[in-house]
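Participant: For reference, the structure I am asking about is given below.
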Amino acid sequence: MIYETLFQESIQNPEDFWMKQAQNISWFEAPEKALSQDEEGLYRWFKGGKMNTSYLALDYHIEQGRGDQTAIIYDSPVTDTLQKITFSELRDRVAKFAGGLQSLGVQKGDTVIIYMPMIPEAAVAMLACARLGAIHSVVFGGFAPHELAIRIDDAKPKAILTASCGIEIKKVISYMPLVREAIQHAEHKPSNIVVCQREQHPIELEENESDWTALEASGTPVEPVAVDATDPLYILYTSGTTGVPKGIVRDNGGHAVALKFSMEKIYGTTTGEVYWTASDVGWVVGHSYIVYAPLINGNTTIVFEGKPIKTPDAGTFWRVIDQHKVSVFFTAPTAFRAIKKEDHEAELLKNYDISSLKRVFVAGERCDIGTYNWMNDHLQRPIVDHWWQTESGWPMLADMMGLEEAPEVVGGSAGKPVCGFNVHILDEGGHEVTKPNQEGFVAIKLPLPPGCLPTLWQNSARFKSSYLSMFDGFYLSGDGGYRDEAGNFFITGRIDDVINVAGHRLSTGEMEEMISTHEVVAECAVVGIEDNLKGQIPVGLVVLKDGVGIAEADLEKELAAMIRHEIGPIACYKQTTVVKRLPKTRSGKILRKTMRKIADGQDFKMPSTIDDPAILDEIREAFQEHKIGNAFQS
Ligand code: COA
Ligand code: AMP
């Protein structure tokens, strides 16, 4: 099927298009209609359909005779473990663990927080919740107690499922002190904590804490509970522009239909192939393409507990691809930058046979052309950059590699709109930017296709104000970008206070809220500047209160420790510079983007509304003095 025909069909007649796609999953009761609107006018997909996502990911394949196929390969260079779990074994574990959760009182509609490292139990936990119709909310294991506490208070879980530790490069991170501290901070107190004990760091359990293995062993296997297609499968919190993260809701029906479609038409993979996403289940990429999509599509998925480098070396990815005969591989560009830094000529690649690999996908941040070229030169197969967000749950822009005529990949571009995504570039007034190569706001004409967020968890007002209010009839993505003459899209970066550090989405607004609580800080701004490894890193600019005395180096250390403790080490907040004043518009808006461009050494137009242009020279001097930003590195 040629892209243009399929895409137009999806936009002109979404009802028929998605009803057809819905036939590719197995329903308990098939929906009679694809698209509807709820009482608030929000779009819903497949209302009336009944199904179960855990059934689709497990039982369905066993019924089709694939019970003995490997569902999960757990490859953990940090613990030197390799384990294979078949679909039958995984179904049995999930069914029993669901029974264990049921014995704790977890049932359909309840929420459960999952705070886990990259071990198969993380997938077991997600699928067990799905089996019961309970709503899981996975919190990335790198987040600090404060962040976990915010999510506990918003999701109000009946249980928290966790492990005794996570393992990072050469260090064991004890999880229970973090979980206990989070619960202490939170107002909502979950009644059960289930702990997966790991031999690297077993922990003595306290009251309310139960052992995972015992719970799973004693569980009476549970059959998949029928849920409505519109019932939530999960909530995934993601950074917005403030300290309060957004609870992205994912439904069951639209999600399954969209993921199934994407595996075939975007990733071009078929049932039985090994599909590997090197990310973390704590991020949307992990939800969709480590757990749900590969399993729904009957692929073998890899749960990889390691890093692109140092576990043990920059050849790890090639080793995994070779050893498990990976067909499609997906990760963040930052991972390839890390490999490129350690093994510039890809010497380690020569030790492995990666002939099974058909193509590589990257997302999570912009893939800079240097990294793209490096991958292209060394891997010599299609390198596909594609664009998506926690909100969408699956790619919005991509080269759809599963179509009969696979498109030619254009380096630097995130591809063309995926079926169902009516992507536009709008100017500030909401008018279409018709000229090619002219930047604007990337917005998507409603309705969004299946799989995308129908709303925010118990907060449709915030959903409407954050995403739907700026341009009537459009979803605001929060990214800027442009389209070239051939219709390829290029994403240029966020238009708000969200940054991407090594593919981890973080809020500079939240960091500012924290820094401003420091006793010497009168005012501050945090900007995300370019970093050659992590894509972006945050730096702080601080104006001190009158009359306070603190050595700049001490303040820098204190603020770094504060952000590390409150958000987590993944924030990579290290640099702070003290300035006399912050550049602002006459109406008082801090010119963060202009400061970012100064640090990155990019051209910028002097904002016409700037209060005092001389402040920008002071900022430049401060960056220069502290060697902040690529512009001032040498
Ligand atoms: N749990 C606890 N701590 C974690 C963690 C986790 N799951 N993940 C990262 N951290 C910690 C690290 O140990 C490190 O701590 P340190 O400051 O004490 O050393 C800190 O957070 C920063 O980690 P990271 O961003 O991973 O940086 P790094 O320098 O250790 O590694 C890369 C750099 C590029 C190898 C790494 O960031 C990477 O693999 N990135 C790919 C990310 C990815 O796949 N994102 C998916 C989005 S699609
Ligand atoms: P997250 O919700 O964590 O997946 O982060 C989504 C954000 O990451 C997007 O809004 C973009 O800013 C950025 N992003 C994701 N994929 C890409 C890509 N292929 N190119 C550029 N930016 C991307």
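Participant: Determine the calculated [θ] at 222 nm for the chain from helices alone, applying -39500 (n - 2.57) to every DSSP H run no shorter than 4 residues and normalising by the residue count; nearest 500 deg cm²/dmol.
Facilitator: On the way: 18 runs with 176 residues, N = 634.
Dividing the helical sum by the residues of the chain leaves -8000 deg cm²/dmol.
Participant: What shape does the chain have by the C-alpha gyration tensor, where a ≥ b ≥ c are the square roots of the eigenvalues, rounded means a/c under 1.5, and otherwise prolate means a/b greater than b/c and oblate the rest? Walk me through the numbers before you get to the answer.
Facilitator: Working: a/c = 1.44, a/b = 1.24, b/c = 1.16.
Rounded shape, in that the Cα axes give a/c under 1.5.
Participant: Say R0 is 35 Å: what FRET efficiency, to the nearest 0.05, do residue 486 and residue 345 get from their beta-carbon distance?
Facilitator: Values: r = 33 Å, r/R0 = 0.94.
Once the sixth-power term is evaluated, E becomes 0.60.
Participant: Among 334, 559, 184, whose Cα lies farthest out toward the positive end of the dipole of the chain, if unit charges sit on the beta carbon of Lys, Arg (+1) and Asp, Glu (-1)?
Facilitator: With unit charges placed on the Cβ atoms, the residue in question is 334.
Participant: Pop a pseudo-label 7 angstrom from the Cα along the beta-carbon direction at both residue 627 and residue 220 and give the gap in nm to one decimal.
Facilitator: If labels sit at residue 627 and residue 220, their model points lie 6.6 nm apart.
Participant: For the range 502-632, just say rounded, prolate or oblate: build the C-alpha gyration tensor, square-root its eigenvalues into a ≥ b ≥ c, call rounded for a/c under 1.5, and beyond that prolate if a/b exceeds b/c, oblate if not.
Facilitator: Values: a/c = 1.57, a/b = 1.14, b/c = 1.38.
Taking the square roots of the gyration eigenvalues as a ≥ b ≥ c, the range 502-632 is oblate.
Participant: For the range 502-632, what number of Lys pairs, 8 or more residues apart or on separate chains, have alpha-carbon atoms under 12 Å from each other? Don't skip to the answer; put the middle values down first.
Facilitator: Numbers: 545/580; 557/574; 584/593; 593/605; 597/605.
Lysine pairs, 8 or more places apart or on different chains, close enough: 5.
Participant: A follow-up question, please. Classify the range 58-101 as rounded, prolate or oblate, taking a ≥ b ≥ c as the square roots of the eigenvalues of its Cα gyration tensor: rounded when a/c is under 1.5, otherwise prolate if a/b is larger than b/c and oblate if not. Please report the intermediate quantities before stating the final value.
Facilitator: On the way: a/c = 4.07, a/b = 1.39, b/c = 2.93.
Since a/c reaches 1.5 but b/c is at least a/b, the shape of the range 58-101 is classed as oblate.
Participant: Give the calculated FRET efficiency between residue 213 and residue 620 to the nearest 0.05, with a Förster radius of 45 Å applied to their Cβ-Cβ distance. Walk me through the numbers before you get to the answer.
Facilitator: Numbers: r = 58 Å, r/R0 = 1.29.
Result of the calculation: an efficiency of 0.20.
Participant: Follow-up question, since we're still on this one. With a point put 7 Å past each Cα toward its Cβ, work out how far residue 323 is from residue 174 in nm, to one decimal.
Facilitator: In this crude label model, residue 323 to residue 174 measures out at 3.0 nm.
Participant: Okay, moving on. Determine, from the Cβ-Cβ distance of residue 376 and residue 604 and an R0 of 30 Å, the FRET efficiency 1/(1 + (r/R0)^6), rounded to the nearest 0.05. Display every interim value, and only then the final one.
Facilitator: Values: r = 31 Å, r/R0 = 1.03.
My answer for the efficiency is 0.45.
Participant: Based on Cβ point charges of +1 for Lys and Arg and -1 for Asp and Glu, what charge dipole magnitude is obtained for the range 502-632 about its Cα centre, in debye rounded to the nearest 20?
Facilitator: Details: 18 positive and 21 negative charges, 97 e Å.
Computed about the Cα centre, the dipole is about 460 debye.
A short reminder: the numbers here are calculations on the coordinates, not readings from a lab. As the structure is a computational prediction, the values presented were derived from the model and not from experiment. For neighbour counting, all protein chains shown are included, and Cβ atoms are generated from backbone atoms with ideal geometry for every residue, glycine included.
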